[in-house]
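What follows is one structure encoded as structure tokens, with my remarks underneath.
Every read-out reported here was derived from the displayed coordinates using simple, explicitly stated rules and does not represent laboratory data. Predicted model only: the values in this text are computed from it and were never measured. Positions of Cβ are backbone-derived with ideal geometry, glycine not excepted, and every protein chain shown enters the neighbour counts.
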């Protein structure tokens, strides 16, 4: 099967959406399919065409940026070229170009599968307000033209103002998870690298330093946690410098995080073996998301697959991994006190939150998720 996948950003850009798309593309290639990813050349140093892990990646040039999005005048042309060669077109939303690509696919008689990852919420401002509205209209056009819409969770879809009108064509499929087993050497090297000291209580968070991730609530929770666990320390994995559109947010948090001193450590983006060692080193990880820009949280399942419980916000979709596995607690969003109490509960009673990491890793593996997509692609082709 020849699959054209389109999205605004692809690797090496780092986000939950790009990780999802990359894992799925590679898994589909392993299953014998031809996958072309059509995305933006958001960084001029990136090649316009390349093969990456068996996936053909094409990147039209970017003319200009609009908030967190990009404008690519040649995108429709390349969408036409690649869609003609494809059996099925797979769109990842939010994506401003999805609507014209869906129209092109329909003109060519190609079935369209759409994966709706989350809502798009840009910061206040006139340009962002216009971009939000344009993106909203484009998303609805794409959804109407799609044969099937995939969402991370039925829970999220039923609570989404955008997805509710399309529940009749919705299929819930969770994100793909890949988490290698770290060796003893990997664990030792990671602990040396981040200078883990005896007796430290390690709390982890894995995310971009972005407004919707609710990082400030973990920052605000730490003084309360430190009163009871004075050796507690946060390891923060993910991009924390020069995050697109989040510069003001980073400046606001900088003095608050600096005040925590040795109790907060930024790790930046780390390798896959280090990620596994990170999750296994942590006693609990947190995902204090604030709104519907998070619809699941891949990092939760990655943490659970390593045997580490999670404290997550009680939001549609985001609460699902904890509810499915029992490995953690859900707390009200934007509530530092509740977050602190839940983290301390997990630290003090870890035996209550043990699940089956091996079963979790298998249930959400990339190959299992690719198999579910393969079934959808075959179904729309027969239709």
Exercise for the section: Return, ordered by residue number, the residues of the stretch 8-36 whose backbone nitrogen is under 14 Å from a label point located 7 Å along Cα→Cβ of residue 381. Expected result: 28-29, 31-36
Completion exercise
Among (1) 23.5; (2) 22.5; (3) 21.5, the value of Kirkwood radius over Cα pairs in Å computed for this structure carries the label (3)
Practice task
Mind giving me the nanometre distance, one decimal, between the label points for residue 195 and residue 63, set 7 Å out from Cα along Cα→Cβ?
Solution key: 5.1
Practice task
Subtracting the Cα-Cα distance from 0.36 nm times the residue separation, let me have the gained length for residue 107 to residue 169 in nm, one decimal.
Solution key: 20.3 nm
Completion exercise
Once residue 254 and residue 334 are pulled to full extension, the length gained, defined as 0.36 nm per residue separation minus their Cα-Cα distance, is 26.9 nm
Problem - Between helix 126-145 and the chain: long-axis angle, C-alpha atoms, 0 to 90°, nearest 10 - result: 60
Completion exercise
Mean Cβ-within-10 Å packing, highest first, puts peptides 198-205, 165-172 in the order 198-205, 165-172
Completion exercise
Check: C-alpha center the stretch 1-62 vs C-alpha center the stretch 289-323, spacing in Å is 25
Exercise for the section: Please find the FRET efficiency linking residue 314 to residue 30, where r is the Cβ-Cβ separation and R0 is fixed at 35 Å, and quote it to the nearest 0.05. Expected result: 0.45
Handout entry: For peptides 5-13, 364-372, sequence by mean Cβ density within 10 Å, most packed first
Key = 5-13, 364-372
Handout entry: Angle in degrees between helix 98-107 and the longest Cα principal axis of the chain, rounded to the nearest 10
Key = 30
Practice task
Any chance you could run the full-extension gain for residue 2 through residue 226? It's 0.36 nm times the residue separation minus the Cα-Cα distance, nm to one decimal.
Solution key: 75.2 nm
Practice task
Describe numerically, in nm with one decimal, the distance between label points set 7 Å from Cα along Cα→Cβ at residue 354 and at residue 158.
Solution key: 3.3
Practice task
Arrange the peptides 292-302, 78-88, 15-25 so that the one whose residues have, on average, the most other Cβ atoms within 10 Å appears first.
Solution key: 292-302, 15-25, 78-88
Exercise for the section: Nearest 5 is fine: what % of DSSP beta bridges in the chain come out antiparallel, could you say? Expected result: 15
Completion exercise
With Cα coordinates, the longest principal axis of the chain makes an angle with the long axis of helix 272-281, in degrees rounded to 10, of 40
